[in-house]
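Inspection log for the structure reproduced underneath, given as structure tokens.
What follows draws every value from the coordinates through simple rules; no lab data is involved. What you are looking at is a predicted structure, and each value in this text was computed from that prediction instead of being measured. A quick note on method: Cβ atoms are made from the backbone with ideal geometry, for glycine too, and the neighbour counts reach across all protein chains shown.
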């Protein structure tokens, strides 16, 4: 899973680690990562290395994507 690769790369590179959420957001905006991939990563796909810190960083993006998904399912 690509989100895990990014997580592990950020974990192994502490100077880049604080940019994890920004990297996810940019990849999502560029259609490289889907909202489903990010939500899956956040709910059950995150690796243990730095998991809590990265989940905390990504929380605003995950909340935004969750709300978008809820709106989409309400429209159907």
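Worth a mention:
- Residue 19 being touching a helix residue (DSSP H, G or I) at 6+ places or on another chain (Cβ under 8 Å), in contact (Cβ under 8 Å) with a residue 40 or more places away in the chain and either within 19 Å of residue 65 (Cβ to Cβ) or surrounded by fewer than 17 Cβ atoms within 10 Å (Cβ to Cβ) (or both): no
- Selection from region 2-16 of residues that are surrounded by 11 or more Cβ atoms within 10 Å (Cβ to Cβ) and either in contact with a helix residue (DSSP H, G or I) (Cβ under 8 Å, 6 or more places away or on another chain) or more than 18 Å from residue 32 (Cα to Cα) (or both): 2, 3, 4, 6, 7, 10, 11, 12, 16
- Residues that are without any contact (Cβ under 8 Å) to a residue 24 or more places away in the chain and surrounded by fewer than 17 Cβ atoms within 10 Å (Cβ to Cβ) within region 37-50 comprise 43, 44, 48, listed in sequence order.
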